[in-house]
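The values are calculated or read from the model by the stated rules, or taken from the named source; none is laboratory data. The shown structure was predicted, so the numbers you read here are calculated from the model rather than taken from an experiment. Neighbour counts are summed over all protein chains in view; Cβ atoms, including those assigned to glycine, are modelled from backbone coordinates with ideal geometry. Accessible surface is based on the protein model in full, side chains and every heavy atom, while ligands, DNA and RNA are left aside. Shrake-Rupley method; radii C 1.70, N 1.55, O 1.52, S 1.80 Å.
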2 protein chains.
Amino acid sequence: MKDPNNPVCQTITGLLQRIGDKWSVLVVETLGGGSLRFNELRRAIPSVSQRMLTLTLRNLERDGLVSRTVTPSIPPRVDYELTELGQSLTKPICGLVQWSMDNVGAIHAAQARYDEGQDEAAAA
Amino acid sequence: MKDPNNPVCQTITGLLQRIGDKWSVLVVETLGGGSLRFNELRRAIPSVSQRMLTLTLRNLERDGLVSRTVTPSIPPRVDYELTELGQSLTKPICGLVQWSMDNVGAIHAAQARYDEGQDEAAAA
DNA sequence: CCGAATCCTGAATGATACTG
DNA sequence: CAGTATCATTCAGGATTCGG
């Protein structure tokens, strides 16, 4: 179960890393509202750079979580949408986000306590 | 909700990153079975380096997810244990891990399809 | 036994400019 | 509009060594 050579574990680790990266969760949640074009996504997440949005979408697409639909017109049009797999992932993700929001206070308090202990240790 | 200056969002992002880092989830799951000493953890997760285990534990401790109990004896003894907060986090994490295991096949298939498409594009 | 300090490498991120 | 290419920077992670 903890064998790093086990391909299942590698896949789980990969997914966790994707979730841990800076934009994937935000993009998935944003697409949870429905299909969006590239620049609509950019506007919905103002702090993401064009490059990182592209890379994030490519990774999500590779994992089968997001579908990419190109309409060859002028100007070009590319729509991104959660796949069924992507939709199903939003449930556990929401569980995690919900937990975070429920426990933001406790986490901040713990961090403050910890940092205070570090301060007095540094002062000694 | 997506404002990067919102402290709640920063906390959520921080938690997601912790989850995405290479060892935190593994440590939390391992400690789910009960209190363990430092080297017991190392043996339970053979691939982790001493340094990364120390850092991971410090981060988890700072967030209030893990408690660290020092028994000043010779040799020294340090026990790590999930706090109540840490215990409660295992539920959403398990949801995520469960989802991964349920969908490993679909993810692999999607990746294979994607990579194949990339290959033929590269061959053109 | 537990951990801190140091050094090093690769990957993630970001700013900027260019293209069909 | 929707990218790709390039460059610079930062940081996580790992190997090694030393200390209490």
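Condition test on residue B:34, is it at pLDDT 95 or above and part of a loop (DSSP other than H, G, I, E, B)? Criteria met by residue B:34. Taken over the range A:37-54, the criterion of being within 14 Å of chain B (Cβ to nearest Cβ), near DNA strand C (Cβ under 7 Å from one of its atoms) and either assigned to a helix (DSSP H, G or I) or β-branched (Val, Ile, Thr) (or both) is satisfied by A:48, A:52. Of all residues in the range B:56-76, those satisfying the criterion of being without any contact (Cβ under 8 Å) to a residue 24 or more places away in the chain and under 15 Å from residue A:111 (Cα atoms) are B:58, B:61, B:62, B:64, B:67, B:68.
Go over the candidates A:107, A:93, A:12, A:19 one by one and state the one that is assigned to a helix (DSSP H, G or I) and farther than 26 Å from residue B:102 by Cβ. Just a single option satisfies the conditions, and that option is A:107.
Quickly run through the range A:104-120 and pick out the residues that are under 16 Å from residue B:68 (Cβ atoms), small (Gly, Ala, Ser) and facing chain B (nearest Cβ under 9 Å). Within the range A:104-120, A:110 is the sole residue that qualifies. Selection of the range A:1-30 for residues being charged (D, E, K, R) and either at pLDDT 85 or above or open to solvent by less than 20 Å² (accessible area, probe 1.4 Å) (or both) yields A:18, A:21, A:22, A:29. Could you pull out the residue among B:98, B:10, B:17 that is facing another protein chain (nearest Cβ under 10 Å) and within 11 Å of DNA strand C (Cβ to nearest atom)? The unique qualifying residue is B:17.
For the range A:54-82, the candidate set comprises residues that are of a type in the set (Val, Ile, Thr) and more than 15 Å from the chain's Cα centre (by Cα); within that set, the residue that is least open to solvent (accessible area, probe 1.4 Å) is A:78.
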